[in-house]
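Each remark here refers to the structure printed beneath this line.
All of the numbers you see were taken from the coordinates with simple rules; none came from a lab. These numbers were taken from a predicted model, which means no experiment stands behind them. Using ideal geometry, Cβ is built from the backbone for each residue, glycine included, and neighbour counts are taken over all protein chains shown.
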Amino acid sequence: MKDIVPSKGIHAVLWILGVLVILLLVFGAGIAVGYRSGLFASRFGEDYYHNFLGEGSGFSGMMGGGMIGGPVPINQHGTIGTVISVGSSTIATKDQSGNEQSIVIDEGTVIREMNRTISIADIQDGNQVAVIGEPNDTGQIHARFIRIFDASSSAPKPPINQ
């Protein structure tokens, strides 16, 4: 470097510029990650009911724009409802439209109530639940995550069809 840049002042300026370029690249990467994280959170919030109720639910989020009417289709990737029965590895739920859904629970399923993780034995008939999972070959939801809502809390409710 001394052969290319003989002056110590120019050498110092080049080092400072190099450090600034690296800092700007790191800062830009942080902005990009934050932007993507915010975009994901925003889209999930906008599509909260769509994620649970399915494509034809008629609910299009906070801004409205969709018409609510007709039966709410069952979404095989999740549900919101009331627990009507609890088995050793399954629960059955009923949503506001009267649709019943069987939920399969295994050791990989995370079940949360408030800020604690619970087991299937702690789920009771009448609990309000939100379930996220994937369909299996028998038409059940294989749960990956279950949120139990306290009876006094305001559990998310899908739009009421009239």
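Here r is the Cβ-Cβ distance between H77 and K8 and R0 is 41 Å; the resulting FRET efficiency, rounded to 0.05, is 0.05.
Could you compute the FRET efficiency for D137 and L24, with r as their C-beta to C-beta distance and R0 at 41 Å, rounded to 0.05? In this case the efficiency is close to 0.20.
If I stretch the segment between E113 and L17 completely, what's the gain in nm (0.36 nm per residue apart, minus their alpha carbon distance), one decimal? All intermediate terms of the calculation are to be shown ahead of the outcome.
Working: separation 96, 0.36 × 96 = 34.56 nm, distance 5.21 nm.
Taking 0.36 nm per residue and subtracting the Cα distance, the gain is 29.4 nm.
Counted residue by residue at 0.36 nm each, then reduced by the alpha carbon distance between them, the extension gain from D106 to Q124 reaches 4.8 nm.
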